[in-house]
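The values are calculated or read from the model by the stated rules, or taken from the named source; none is laboratory data. Values in this document were obtained by computation on a predicted structure and should not be read as measured data. When we count neighbours, we look across all protein chains shown, and the Cβ atoms used for this are built from the backbone with ideal geometry, even at glycine.
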C-alpha cells in the first residue's frame, strides 16, 4: 500500500554541514519522525570545510534517500587511481581530503596519493558512495542529480538505463536540456547540479543574487549554489511512496 510521506529535498551540500543543518531546522525537518524523509540529490563533498560532519550526519540519518552526484564519482575515481588531476583542485577535492584524513596527510605537491595507510576512511567513504542511488521516484516526482538518460521518460526506461548512462546524466546541466516543456510527461523532475541563479533564460527577473528554488513546467531545480551563496535550499513536498 502506498503511504504518504513528507519529503525534505536538498542537493549540492558541498561540505557545508552547518548551513544544511540550519536550513533543515528552519524547514522543521525532524530526523526522528518516521513520516519525514530526507532526500539528497547528490554532491555531498568538496568546496566546503565540513565534509566529515556532512558524512557523519548522513550516516546517522535513519529516514533518507541518498542519490549520487558527479562529485561522488570523482571522489571514487581518485580513491581507485590515486591520481591528483587539475579538477581536484578546481572542485575543492583537496579540502575534502584534508577534512577526512587530516590537514598534513596529503602533500599537494605530489601527483599521486598513496591511500594504503588510510584504508579505513577510504572504505568508509566508498561504502557511503556505493550505497547511493542513481535516481528515486515517488508517485508524482522523479529525483535526480543533474538530468536523466536520453529517452528515459518512462519508469521502465529509467529502471533499465545502464550505470554508465546514469553517470553521464549526472553531469548534464538542466539549463541545457530544459526547454520550458515538461521533461517527463507524467511526473515532475527534481534536480540539482546547476545553481538556480542560472535560471534567468526561463525566469527573466532572476539575477545572480537569487539562488532560490526554481519552479518550471514539470521541473523543480533546487541547487542553491551553496559554495558561493552560502544558501541551502530545502524543497518540502508531500507524496506517496
Report task. Select, from 150, 164, 238, 181, the only residue that is in contact (Cβ under 8 Å) with a residue 24 or more places away in the chain, surrounded by fewer than 16 Cβ atoms within 10 Å (Cβ to Cβ), at negative phi and out of contact with any strand residue (DSSP E or B) (no Cβ under 6 Å at 6 or more places or on another chain). Result -> 181
Requested in this report: Tell me, please, whether a residue that is touching a residue at least 60 places away in the same chain (Cβ under 8 Å), within 30 Å of residue 115 (Cβ to Cβ), under 13 Å from the mean Cα position of the chain (by Cα) and not in a loop (DSSP other than H, G, I, E, B) can be found in the range 208-226.
Outcome: yes
Query raised in the report: Only one of these conditions is not met by residue 49: (1) in contact with a strand residue (DSSP E or B) (Cβ under 9 Å, 6 or more places away or on another chain); (2) in contact (Cβ under 8 Å) with a residue 40 or more places away in the chain; (3) surrounded by fewer than 20 Cβ atoms within 10 Å (Cβ to Cβ); (4) more than 15 Å from residue 125 (Cα to Cα). Which number is it?
Result: (1)
Report task. Select from the range 105-134 the residues that are at pLDDT 85 or above and touching a strand residue (DSSP E or B) at 6+ places or on another chain (Cβ under 6 Å) and write down the one among them that is farthest from residue 83 (Cα to Cα). Result -> 133
Report summary line: Flagged in the range 47-103 as part of a loop (DSSP other than H, G, I, E, B) and modelled with pLDDT under 95, in numbering order, are 47, 48, 49, 82, 84, 85, 91, 92, 102, 103
Report summary line: Residue pairs qualifying under the 9 Å Cβ cut-off, at least six apart or on distinct chains, with the first in the range 112-138 being on the phi < 0 side of the Ramachandran plot and part of a strand (DSSP E or B) and the second being modelled with pLDDT under 95 and crowded, with 17+ Cβ neighbours inside 10 Å, are 112/84
